[in-house]
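*Asks:* Take this structure first; my questions come after.
Just so it is clear, none of the values below were taken in a lab; they were calculated from the coordinates. Everything numeric here is computed off the predicted structure, so don't read it as measured data. Here Cβ is always computed from backbone atoms with ideal geometry, including for glycine, and neighbour counts include all displayed protein chains.
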């Protein structure tokens, strides 16, 4: 049985000590009352101190035994109390919880007895003093001793109550013993289950032995098979050695063939490079001659036309001199003197036809959104040039016609099946009725017009557009420093750079609404400088959009 932590106080012995002290004090009090003037001269307090010292020793022992137990007693570390550490801690916690109140009572009793011992020490000191002071002090001390006796009697009654509580605690400890017995029975049940498990493990061991014998038989069979396979593989290896010799011979022959093929490849690469160089040179020569041929043909056509006109007019007036009307005919033909040159110039600097078509595709969504370009609201492209925009419109199913003054370009566009009119832009637009067109476009045309002509042109555009009609004009962007300072002047027929804010303002004053500017064709990213904010501003001014377009709509009345 587990011994409790706080039941080791020998209360009987302690009570006997207290009773003996009380009896001695009563005898002393009686003798003092009988002989008040006869003080015992040989009163020895050393024996009393010795008794109190014994009481202190008992109190220290009781205090040490009443503290909370935190360690499993060594004398219980044997079967069946040889439990796990966790279970020992759990039992100790349960016992500490069960005897919590008893420990508190014991501590209170011990503290009271300590106070009594301290008081007895004080009494001993006072008795020694009283011996020196005389009979009067002894009388007072008697009364105090009587009070102490009364307190000791009360303490006796309290100790009896403690005895009763200790008896109750013994009964509770017996209950704990019964629970431990039950726990022992549970542990025995666990042992029985472990025995059953051992028997099952033995059965498994027997089955494993049978399996091992089966595996041994399989291993013997595999050994026989390995022997057969080894002999078979030996035959195969011999055949492979023969094949290997043949393959080596083939590899040698292949190496010779590869060397010859490598030499042929080198020769072919050299030949291909020479052919590519020759083809590139031929293409350059062809392009050069094609441009020159186109220019010469167009120029010859114009010269032939001028000579023909000159001869026809000369026949009319000869032998008389030319009149004013005839001279004006020559002057009108003189403006077409550079038509062939400008066509060649466009071929060189404008870009290829396919490149321009791809650039103009950006405007198709605007036309589709405006729901125009039908027979009732046709499109007029001013300065149609080589007809790239007309080609794109025709492929998209829109009704459009072009207008240009360059006869060579007019003939080229007509040869492609486009409807193109040769006329001065202002004269032709003045001949059109009000609100007769759905869209008027002009790509790189307005920079060729003088400012008064430009204002008259925009005025006519607004007049001939239908309500809700669309105007689109593209021109070089002078905000790009490279364009405004150099590229703009590559074309000798350009007048002045036109800032986008100015053109937007002019169109708005002429009566168009929702006018917006679309920046187009920036330099490739490879041109741009990477770095700080200054680098970004540099890129914007030097490698930003090279062109812009202004788009506006006529007010719907």
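*Asks:* Where does each of 282, 421, 446 land when they are ranked from fewest to most other beta-carbon atoms within 10 angstrom?
*Replies:* 282, 421, 446
*Asks:* For labels at residue 431 and residue 266 in the simple 7 Å Cα→Cβ model, what's the distance in nm?
*Replies:* According to this spin-label approximation, the distance is 7.3 nm.
*Asks:* So for region 339-554, what percent of the C-alpha to C-alpha distances run longer than 28 Å?
*Replies:* When every Cα pair of region 339-554 is considered, 28 percent fall beyond 28 Å.
*Asks:* Could you work out how far apart the two model spin labels at residue 424 and residue 172 are, taking each label as a point 7 Å from the Cα in the direction of the beta carbon, and quote it in nm?
*Replies:* Each label point lies 7 Å from its Cα, and together they span 12.8 nm.
*Asks:* Across the Cα atoms of region 449-557, what radius of gyration and what greatest pairwise Cα-Cα distance (Dmax) are found, in Å?
*Replies:* Every Cα atom of region 449-557 included, Rg and Dmax give 16.2, 52 Å.
*Asks:* Under 18 Å from the 7 Å Cα→Cβ point of residue 451, by amide nitrogen: which residues of region 461-492?
*Replies:* 478-479
*Asks:* Multiplying the sequence separation of residue 414 and residue 556 by 0.36 nm and subtracting their Cα-Cα distance, what value in nm do you get?
*Replies:* Gain on stretching residue 414 to residue 556: 47.7 nm.
*Asks:* Now for a separate question. At a 10 Å Cβ-Cβ cut-off, how would you order 181, 461, fewest neighbours first?
*Replies:* Fewest to most other Cβ atoms nearby, the residues stand as 181, 461.
*Asks:* If you don't mind, there's one more thing I want to ask. Can you tell me the length gained on complete extension of the stretch residue 275 to residue 112, counting 0.36 nm per residue apart and subtracting the Cα distance?
*Replies:* Going from the current span to full extension adds 46.3 nm.
*Asks:* Given R₀ = 25 Å, FRET efficiency for residue 86-residue 181 by Cβ-Cβ distance, to 0.05?
*Replies:* Here the calculated transfer efficiency is 0.75.
*Asks:* Counting other beta carbons within 10 Å of each residue's own, what order do 554, 504, 100 fall into, fewest first?
*Replies:* Listing 554, 504, 100 from fewest to most nearby Cβ atoms yields 100, 504, 554.
*Asks:* Quick one: length gained pulling residue 489 to residue 94 fully straight, 0.36 nm per residue minus the C-alpha distance?
*Replies:* 131.6 nm
*Asks:* Could you give the nm distance between label points at residue 354 and residue 232, where each point is 7 Å from its Cα heading toward the beta carbon?
*Replies:* 6.4 nm
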